[in-house]
Structures are given as C-alpha cells and as structure tokens.
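The values are calculated or read from the model by the stated rules, or taken from the named source; none is laboratory data. Model, not experiment: these values are computed from the prediction. Cβ sites come from the backbone with ideal geometry, for glycine too, and all protein chains shown count toward neighbours.
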Amino acid sequence: MTTQVEPPGARSGTRNYVLFLLLMLTILSFVDRQVLTILLDPIKHELALTDTQLGALTGVFFSLFYAAAGLPLARLADGREKRSFIAACIAGWSIATVFTGLAMNFVQLAISRTLVAVGEAGCAPATASLIGDLFPPNRRARVFSAMSAASAVGLGGGIFLGGSLSEHFGWRSVFLFLGIPGAALALLFLFTLPRGDALMVKVKPPPMLETMKSFWRIRCYRVGIIVTLTAGTGAYGMLGWMATLLIRTHHLPRSQVGLYLGISMVTGLLIGNAVCGQVTDRLAARDSRWLLRVMGFSLFGVIPLALCAFFAKDVTVSLVAFCLTMISLGFWSPIMSTMVIGLVPRETRAVSASFNGIFQSLGAASGPLVVGFLTDRLTPALGADAIRYSLALSMIFTGIGATTALIGTRFIQAEYRPNGTDGGEAAAAI
C-alpha cells in the first residue's frame, strides 16, 4: 500500500477554486476542439474539400502541432508561474478559434487549427502539474476523472453548439461565438487567482535531455506511451467521424445529430469517468497494478460496443451502443493521467504529462486521418456505408492498446511513486 502525503501549500479554498477554473478550462478547450467534427460537411461543401483533407484538419493539423508544441511549452510551464502562463495560452487559442471562422480556404483553416492546437498544448501539462501539486495520490484518480468528465461535457457541448448554431447562423458564426468565453476565462485566471500562493511558485526542472532519459528508463512509462498512442488512434478516429456517420448513413440533420450524439457522448463519458475515479482510487490504493488492469479491461470493452454503434441499422440502437462505448472509454484517460504523474518526481510532472500528451496527440492525428483516408478508398465500392467499415478497422488500434496495458501490470508496482519524491531515483535504478 502506498503512503499518501498531503501536498505542501494546498489550502482548501485555493484548491477548490483552482479546480473549478481548471474544469471550465477543460470544457472550453474540448468544445473548441470537437466543434469542428459536426461542421465537416458544410465546410466540405463550401470550400470543396475531400474527406482526407477533413481528416487532416481534425487530426494532423491539430494534433501533430499540439504534440510538437507540447514539450517546449511544458518545459516553460514547469519553470514559470502557472497562473499567467495558462491565461496566455487560453487567450492565444481563443483568438485562433475566431480566425477559424474567418478562413476562406484549406490552408487558412489548417493554420487556424494549428494555432488553436499550440494554445491548448500549453494548458494541458500545466493543468496536470497543478493537480499533482494540489491533491494527494489517493484523490488524484477522482480529480482526473472530474477533468475527463469536463472534457466529456466539452465534447458533447461542442457537437451540440456546433449543430444548433450552424443550423441557424452558419458554420462560421460558431467559431466567432466561441472566442468570447475564452477571453473571459483568460481574465479570470490572470486576475482572480492569488498571486504568490505556494501552489503557484516556480520550480527548477532538470535539463530536458536528462528528463527524457529518465522517462525512457521507466518501463511502465514506455507501456503508457504505447497505450496512449494506440488507444488514442481508435478513440479519436471514432470521436472525429461518428457525427458524420449518423448524418450520412442515418440521414439525420446536423441539429439532431448535435443533440442526440452530444447527449450520448456526455452521458456515457460522465458515467465512465465517475465510476473510474471511485473504483480506481480504491483498488490502486491497495495494489497499483489495478491502474493498468482497469484500463486494459475497459479498452477491450470498447471494441464490441463500438462495432454495434457503427453497424446498427436503427439510429436509436446506434446511439445507445455509442453511449455504452463512451462509458467504457471513460476509464482510459483519467487512469493514464494519474499514472504518468505518479511515475516521475514533482519537478518534471508537466513535462511528463506533455510527453504522454504528445503520443495521445499522435493518436488523435492518426485516427481521423486514417478513417478519412479509408473512407475515400472504400466509398466507390460501399457508398455511404464506407464510413462504417473504416471506423470498424480503426478498432484494431484499441485492441493493441488494451493488450499492452495488461502486459504493463508486470512493471508498475516497482516503478509507481505517486508522492513524486522518489520517482527519479526509481527510474535511475531500472
């Protein structure tokens, strides 16, 4: 059993308020990220794009640049006051979101999505590092589950807002509208968080090369990278194209898809995240191997449920199956976030979260692009049903991730150091 240490300087009022702002940040970031998926068809028709180009917009031009910017920004986050750093990132991606609505061609869309990715890339590792500072190990899975639940609200909210607003005002107005709450949230971070609080102080991270070498020596961290990459490919391929599947194969209007899919996604992820936090914190407190066991079993559960959602002829069955898929998928991200900051010392937590985020971003880039590429190739033979089969093929990656997670249970007991004080020494000894 792991000894639980209360983080230094974690005052209750500050802790709760910072968590509230982080939840709002997460919701908004995922709204900005996901809203594009419900708008793919009107953007395609207005700008004469292919499905491969759409897959690149939802994947490559967001996720690859998210990954590329992640490490240098995480390095800055570890060495600077996080309050103003996060505020600057929010302001940057909100401005880029507005420019997305002004784009007139594929290149301008790609540049705008790239800038959104860079802004969000700075927030994610700083957020993970703050959670490690604010909360003791026996509460982190629940906190990361709350953050994942906020991401679920953002994912569903993005689809709902995109579908509803675009039906009445056009797709461009959606992006223009989303710049407003981003500006407000940046101001809240900058002017309402206490200056000089113990949780906001800077720490001195070790040299980057030394940090990366220490991560690589941790076998369980390598396992996490593989799971993140493969599970992310399957998950983001599904999230990026499920709305389009419902539009093309079930012939629903965007406003209905936004409502129904948003409800299914949010309900499923909220349930999965809530159960994950409660179950995983209790099981992992007794035996850290349960972190990877729960992750592996839940990813295996995604596959049959997702296939049912893709191939169901009745739209209600498809939506119910998708909701159940989201429940099972809701166990993956909170556990991974908990694990990667528990394998390293405190001064490298943001870099650790960012490094893991890079591989999640690579999966997020690959998933929509692979599905879009396969759909273009299968459409001549299968017509509208092509997207069903391309999504089904993407589930191969989810199976690889699930298998890898279960293999990793052999290493985690020796390497998991959630208090963050001896992770580096443990890594060096491997």
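Tabulated data for the structure shown
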read-out: Residue identified as within 21 Å of residue 394 (Cα to Cα) and touching a residue at least 12 places away in the same chain (Cβ under 8 Å) among 269, 292, 259, 252; value: 269
read-out: Scope region 131-142; condition modelled with pLDDT of 75 or more and surrounded by fewer than 23 Cβ atoms within 10 Å (Cβ to Cβ); matching residues; value: 142
read-out: The listed residue being within 23 Å of residue 264 (Cβ to Cβ) and surrounded by 24 or more Cβ atoms within 10 Å (Cβ to Cβ), out of 348, 375; value: 375
read-out: Region 383-413, residues that are closer than 10 Å to residue 371 by Cα and among the basic types (Lys, Arg); value: 388
read-out: One residue from 107, 18, 98 being out of contact with any strand residue (DSSP E or B) (no Cβ under 9 Å at 6 or more places or on another chain), more than 23 Å from residue 167 (Cα to Cα) and surrounded by fewer than 24 Cβ atoms within 10 Å (Cβ to Cβ); value: 107
read-out: Residue within region 402-419 that is buried (at least 17 other Cβ atoms within 10 Å of the Cβ) and basic (Lys, Arg) present; value: yes
read-out: Number of positions in region 290-334 that are within 19 Å of the chain's Cα centre (by Cα) and more than 23 Å from residue 227 (Cβ to Cβ); value: 1
read-out: Where a residue in region 22-35 is closer than 15 Å to residue 86 by Cα and its partner, wherever it lies, is among the hydrophobic types (A, V, I, L, M, F, W, C) and at pLDDT 90 or above, with Cβ under 7 Å and at least six apart; value: 24/185; 25/90; 25/185; 28/185
read-out: Residue under evaluation residue 234, criteria (1) under 17 Å from residue 359 (Cα atoms); (2) more than 22 Å from the chain's Cα centre (by Cα), criterion not met; value: (2)
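Every residue, every condition in (1) at pLDDT 85 or above; (2) closer than 30 Å to residue 47 by Cα; (3) among the polar types (S, T, N, Q); (4) in contact with a Cys (Cβ under 8 Å, 6 or more places away or on another chain), yes or no:
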| site | (1), (2), (3), (4) |
| --- | --- |
| 122 | no, no, no, yes |
| 146 | no, no, no, no |
| 152 | no, yes, no, no |
| 164 | no, yes, yes, no |
| 175 | yes, yes, no, no |
| 186 | yes, no, no, no |
| 190 | no, no, no, no |
